[in-house]
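Everything on this sheet refers to the single structure shown next.
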Amino acid sequence: MSAAKTVDLPVGHKTVRVTLTADGGLELWLNGCLRKRREPSGRDPLYVWTNVELYWEEHRYVEARYYRDGRLKVVVNGNRVFEEHAFGLRESDT
């Protein structure tokens, strides 16, 4: 894997960024602040999560899972908001 790949998703009035880093790690950012990182490993899937506080006691629970087969899945409060099956794969890997 040569370059990082990211996806930005709106969660209420905030932005969540999920990044698969160049070294194979998985990061979850909230409004430009790193909330969780998982180092690359043989564990499948890599998993990160965070709680997002919105207005007046409103909360969202964001989870991202990256599977070794290249699939990235992001859910908010249990509802899928993003899924891509070749998220981290280079063309030479497919």
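Results for (1) in contact with a His (Cβ under 9 Å, 6 or more places away or on another chain); (2) surrounded by fewer than 11 Cβ atoms within 10 Å (Cβ to Cβ); (3) within 17 Å of residue 86 (Cα to Cα), shown as yes or no for each residue.
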position: 5; (1), (2), (3): no, no, yes
position: 48; (1), (2), (3): no, no, no
position: 55; (1), (2), (3): yes, yes, no
position: 60; (1), (2), (3): no, no, no
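Within segment 8-22, how many residues turn out to be open to solvent by less than 60 Å² (accessible area, probe 1.4 Å), free of Cβ contacts under 8 Å to residues at least 40 places away in the same chain and assigned to a strand (DSSP E or B)?
Of the residues in that region, 1 qualify.
Identify all residues within segment 39-49 that are free of Cβ contacts under 8 Å to residues at least 24 places away in the same chain and assigned to a strand (DSSP E or B); write none if there are none.
Result: 46, 47, 49.
Condition check: open to solvent by 50 Å² or more (accessible area, probe 1.4 Å) and not small (Gly, Ala, Ser). Does residue 66 satisfy that?
no
Go through 55, 61 for me and flag whichever is of a type in the set (Ser, Thr, Tyr) and either modelled with pLDDT of 95 or more or under 9 Å from the mean Cα position of the chain (by Cα) (or both).
61
Sort out which residues of segment 23-46 are open to solvent by 60 Å² or more (accessible area, probe 1.4 Å) and under 20 Å from residue 83 (Cβ atoms), and write them in order of number.
29, 38, 43, 44, listed by residue number.
Check segment 72-93 and report whether any residue there is in a strand (DSSP E or B), hydrophobic (A, V, I, L, M, F, W, C) and either free of Cβ contacts under 8 Å to residues at least 24 places away in the same chain or exposed (fewer than 11 other Cβ atoms within 10 Å of the Cβ) (or both).
Yes, because at least one residue in segment 72-93 is in a strand (DSSP E or B), hydrophobic (A, V, I, L, M, F, W, C) and either free of Cβ contacts under 8 Å to residues at least 24 places away in the same chain or exposed (fewer than 11 other Cβ atoms within 10 Å of the Cβ) (or both).
The values are calculated or read from the model by the stated rules, or taken from the named source; none is laboratory data. The shown structure was predicted, so the numbers you read here are calculated from the model rather than taken from an experiment. Here the Cβ is made from the backbone with ideal geometry for all residues, glycine too, and neighbour counts use every protein chain on show. The protein model used for the area step is the full one, side chains on, heavy atoms only, and it has no ligands, DNA or RNA in it. Shrake-Rupley method; radii C 1.70, N 1.55, O 1.52, S 1.80 Å.
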